[in-house]
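No lab work stands behind these numbers, since they all come straight from the coordinates. From a predicted model like this one, the values you see are computed outputs, not experimental measurements. Using ideal geometry, Cβ is built from the backbone for each residue, glycine included, and neighbour counts are taken over all protein chains shown.
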Amino acid sequence: MSFLPLFLQAAGAAGAAGASPAGAGIVTFLPFILIILIMYFLMIRPQNKKQKETQKMLDALKKGDKVITIGGIHGTVSNVKDDTVTVKVDDNCRIEFNRTAIASVVNPKPLVVDAKDEKKDKDNKADSSSDKNGGSADNAKDKKDE
């Protein structure tokens, strides 16, 4: 079914009825414009963002990275070329993959110690040292008040 005859019929009826308001054309297409905007923000933009992140990850591949391929093979990158990556799967098994076949890089993240965690550790040590000296910190405060 073609929608063109319906649009032509609607345009002809509007012309026969007299001068239509100038904003009627915009109001008619407003739902279509809204649907296109929603599709852009919910589908197209996130996909482009994910594609850029994936390309950035593939460009940053280096020897020693632990990777997972799109086929589910886990291994360590042993050689990187322009379009291909050689993945060491076992001691004597190396497989050459296209760069686009790498699904993710799974390097273990180094532990980052926050200043807050260090402060908590110092406080805990201070509390435990006061426990050794004859009671908790609360008991020491109570003794000072007396």
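Of the listed pairs K49/K88; K52/K88; K49/K81; K66/K88, which have alpha-carbon separations greater than 20 Å here?
Among K49/K88; K52/K88; K49/K81; K66/K88, the Cα-Cα distance tops 20 Å for K49/K88; K52/K88; K49/K81.
Could you work out how far apart the two model spin labels at F32 and T76 are, taking each label as a point 7 Å from the Cα in the direction of the beta carbon, and quote it in nm?
About 5.9 nm separates the two model spin labels.
Assuming 0.36 nm per residue, please report the length gained on full extension of the stretch C93 to Q47 beyond their Cα-Cα distance.
Taking 0.36 nm per residue and subtracting the Cα distance, the gain is 13.1 nm.
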